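Structure, as structure tokens:
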Amino acid sequence: MAAISIKFEGLDAALKKLSKKGESVNEGISDELNAWALDTVTLAKQNCPVDEGFLRNSINANFSTPVKLQAEITVGANYGAYVEFGTRGYAARYVSTLPKDWKELAATFRGSSGKKGSFKEYLLEIAKWVKRKGIDDKLAYPIAISIIRNGVKPQPYLYPAVNKTRKQLIERIKKVIES
């Protein structure tokens with residue numbers, strides 16, 4: 001999944017007006033963005049469906065960016081977007097309810113699994129999943145066909161986390177600016 005970048009319209013202009021307060025305002029806001037990213041990652045991991053844990057473990061905050069006043073959350077699992085947004089008709093219905101920036105993010109994954117493989121390889125992965133879940137292995141083929149035809153339902157984990165923590169971030173930034 002691509003990195004999620006949250007932009008706050010007017011923040012640069014507001015910071016120019018606050019330049020009299022010095023670098024401490026920038027540092028305070030940067031600290032709050034980093035704290036927000038960690039809070040969001042924690043919540044996204046709690047929301048994340050877990051089979052073997054690879055998706056959950058691939059959700060991270062990235063602080064290596066040299067750009068100040070930016071926080072980045074990444075999902076490293078190549079299937080993360082398909083869990084978040086669903087596929088086929090399920091994705092279309094769910095994504096239509098999201099804000100514009102999230103619709104644009106979802107669109108970047110449309111029609112591309114990122115990892116190409118044969119139906120046989122796909123069926124083997126479904127067979128492994130069926131076995132882990134204790135489901136009769138004879139159902140692997142019908143499940144695989146159903147997924148191909150109908151898609152999978154979305155299991156949002158990142159959007160709800162960002163949506164919940166965004167409000168807290170705005171309040172925390174206001175406090176930094178007012179101090």
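Once all Cα-Cα distances of region 87-146 are split into 10 Å bins that start at 0, what whole-number percent is in each one?
Reading the bins upward from 0: 19, 34, 30, 16, 1.
When only DSSP loop residues count, what trypsin sites (Lys or Arg not before Pro) in region 81-111 have their Cβ near at most 15 other Cβ atoms within 10 Å? Can you show the working numbers first?
Working: sites: ARG88, ARG93, LYS100, LYS103, ARG110; in loops: ARG110.
Those satisfying the criteria are ARG110.
May I ask you to evaluate 6.51 cos²θ - 1.76 cosθ + 1.60, the Karplus curve with θ = phi - 60°, for each residue of region 166-173 and list the ³J(HN,Hα) values in order in whole Hz, giving x for glycine and proline?
4, 4, 5, 4, 4, 5, 5, 5
On average, how much area does the Cα convex hull of region 52-106 cover when viewed from any direction, in nm²?
On the way: hull surface 19.6 nm².
One quarter of the hull surface, i.e. the mean projection, equals 4.9 nm².
Taking the Cα centre of region 61-175 as origin, work out the dipole magnitude from +1 charges on Lys and Arg Cβ and -1 charges on Asp and Glu Cβ, in debye rounded to 20. Walk me through the intermediate numbers first.
Numbers: 22 positive and 9 negative charges, 56 e Å.
With Lys and Arg at +1 and Asp and Glu at -1, about 260 debye.
Is the C-alpha gyration tensor of region 30-179 telling us rounded, prolate or oblate? Criteria: a/c under 1.5 is rounded; beyond that, a/b larger than b/c is prolate, otherwise oblate. If you can, show how the numbers build up before the last one.
Working: a/c = 2.58, a/b = 2.17, b/c = 1.19.
Because a/c hits 1.5 or more and a/b exceeds b/c, region 30-179 counts as prolate.
Please list, ordered by chain and number, the residues whose modelled amide H lies under 5 Å from the amide H of GLU72; skip anything fewer than 5 residues away on the same chain.
Result for GLU72 returns ASN62.
For region 121-179, what is the accessible area per residue in Å², given a 1.4 Å probe and the full set of protein chains?
Normalised by residue count, the accessible surface of region 121-179 is 69 Å².
Restricting things to Cα coordinates, could you compute the convex hull volume per residue of region 103-176 in Å³?
148
Quick check for you: with a 1.4 Å probe and neighbouring chains kept, what is the accessible area per residue of region 48-108, in Å²?
53
Among VAL83, ALA44, ALA71, whose Cα projects farthest towards the positive end of the dipole of region 32-99, with charges put on the beta-carbon of Lys, Arg (+1) and Asp, Glu (-1)?
Positive-most Cα among the choices belongs to VAL83.
The values are calculated or read from the model by the stated rules, or taken from the named source; none is laboratory data. If you're wondering where the values come from, they're calculated on a predicted model, not measured in any experiment. A quick note on method: Cβ atoms are made from the backbone with ideal geometry, for glycine too, and the neighbour counts reach across all protein chains shown. The accessibility values were calculated without ligands, DNA or RNA, using every heavy atom of the protein model including side chains. Shrake-Rupley method; radii C 1.70, N 1.55, O 1.52, S 1.80 Å.
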